[in-house]
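The structure appears below as structure tokens.
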Amino acid sequence: MTELILFELLSLPLLFLFIGLVFFFITWSVDRKMTIDHSEKWGYGNFKKFKECFDILEWERDENHPKSYFGKGEEYYQNKIHAGIIMFEKKGMVLLPWSYVKFIFWQRENSLNNKTKGKKIKW
């Protein structure tokens, strides 16, 4: 009897966790596929390597794509972070799953929407 109650209590949170992981890996797989399809060459990378590559380049932002970055000038299509595609010098970077989670949080934090909306303050 107690095992059945314990199973019922644990089954719903585990089901939600499983569904969340399935959605995460579907999203990661789609972004991986898009990066591979839009790059001349591609490889796996981590968040640290992403930040190293990102920080050495100059970027333009577009208000129509608040989470995106595009290379400046002639490098507009060679370097981009847009619609799940991460590309540096026409080479796609597919982030490993844990790094992809860090990237999502970094992208939300650096979104143009965050810079144009009101900032939270302490009273």
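The values are calculated or read from the model by the stated rules, or taken from the named source; none is laboratory data. Only a predicted model underlies this, so the values are computations on that prediction, with no experimental measurement involved. Every residue, glycine as well, gets a Cβ built from its backbone with ideal geometry; the counts of neighbours run over all protein chains shown.
Please verify whether Lys91 is modelled with pLDDT of 95 or more, out of contact with any Gly (no Cβ under 9 Å at 6 or more places or on another chain), closer than 25 Å to Ile26 by Cα and of a type outside the set (A, V, I, L, M, F, W, C), treating the condition exactly as stated. Taking the combined requirement at face value, the residue does not satisfy it.
Inside segment 31-58, residues that are out of contact with any strand residue (DSSP E or B) (no Cβ under 6 Å at 6 or more places or on another chain) and more than 16 Å from Trp98 (Cα to Cα) make up a count of 9.
Residue pairs whose Cβ atoms lie under 6 Å apart, separated by 6 or more positions or on different chains, with the first residue in segment 67-93 and touching a residue at least 40 places away in the same chain (Cβ under 8 Å) and the second among the acidic types (Asp, Glu) and buried (at least 17 other Cβ atoms within 10 Å of the Cβ), are Gly84/Asp31. Taking the criterion of being modelled with pLDDT of 90 or more, of a type in the set (Asp, Glu) and not in a strand (DSSP E or B), the only residue of segment 56-74 that qualifies is Glu58.
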